[in-house]
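Undergrad: Questions regarding the structure given below will be posed in turn.
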Amino acid sequence: MSGSSGADARPLSPHLQVWRPHVTMAASITHRITGVALYFGTFLIAGWIIALATGAECYDTIEGILFSWVGSVILYLWAVAVLFHLVNGIRHLLWDGPNIGFDPGKASAVSVFNYAFAILGAAAIWFAAAGL
């Protein structure tokens, strides 16, 4: 071994010094987060179906929780996660298959579209379900 007693002076991963945050990076991080959120949303839907099969009393309890203001926010965010994960997955299919959309300008525009589609699409579904 050498006689050095200090920590290695090599830098961490180059991306920490080279890359600056951009919308495509945020979309990639959001894609991972929404993927995890979909697991928890699936447990909510499974709980709702189990309550439906169990009986009226259990179903009324779960429905009361899901349609409270906190439950409504969670359901809206779950709808946003579903739509974002869907359209961002399509973007990844286009990147991996026919190599469409790798241009930085197009990639950023598609990322912004994915966010807008998820938020506005979930609001449209919410309003349609509410009969507004």
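The values are calculated or read from the model by the stated rules, or taken from the named source; none is laboratory data. In this text, all values refer to a predicted model and were calculated from it rather than measured experimentally. With ideal geometry, Cβ positions are generated from the backbone for all residues, glycine too; neighbour counts draw on all protein chains shown. Surface accessibility is based on the protein's heavy atoms, side chains included, excluding ligands, DNA and RNA. Shrake-Rupley method; radii C 1.70, N 1.55, O 1.52, S 1.80 Å.
Undergrad: Helix 69-96 sits at what angle to the longest principal axis of the chain, using alpha carbons and giving 0 to 90 degrees rounded to 10?
TA: 50
Undergrad: Give me the angle, in degrees from 0 to 90, between the Cα long axis of helix 23-54 and the longest principal axis of the Cα atoms of the chain, rounded to the nearest 10.
TA: Result, in degrees: 30.
Undergrad: Can you give me the angle between helix 56-66 and the longest principal axis of the chain, using Cα atoms only, in degrees from 0 to 90, rounded to the nearest 10?
TA: 40
Undergrad: For the chain, what is the calculated [θ] at 222 nm in deg cm²/dmol (nearest 500), taking -39500 (n - 2.57) for each run of four or more DSSP H residues and dividing by its residue count?
TA: Computed ellipticity for the chain at 222 nm equals -26500 deg cm²/dmol.
Undergrad: Report the longest stretch of the chain that contains none of the chymotrypsin sites (Phe, Trp or Tyr not before Pro) sitting in a DSSP loop with at most 16 other Cβ atoms within 10 Å.
TA: 20-66
Undergrad: Here's another thing I want to ask about it. Over the chain, average the accessible area per residue using a 1.4 Å probe and give it in Å², no decimals.
TA: On a per-residue basis, the chain sits at 72 Å².
Undergrad: Net charge around LEU52, counting only other residues with Cβ within less than 15 Å of its Cβ (Lys, Arg = +1; Asp, Glu = -1)?
TA: Around LEU52, the surrounding residues sum to -3.
Undergrad: Considering the dipole of the chain built from charges on the beta carbon (Lys and Arg +1, Asp and Glu -1) around the Cα centre, which of THR61, ALA27, ASN99 is farthest to its positive end?
TA: ASN99
Undergrad: What's the extension gain from PHE102 to ALA26 if we count 0.36 nm per residue and subtract their Cα-Cα distance?
TA: Full extension of this stretch gives 25.8 nm more.
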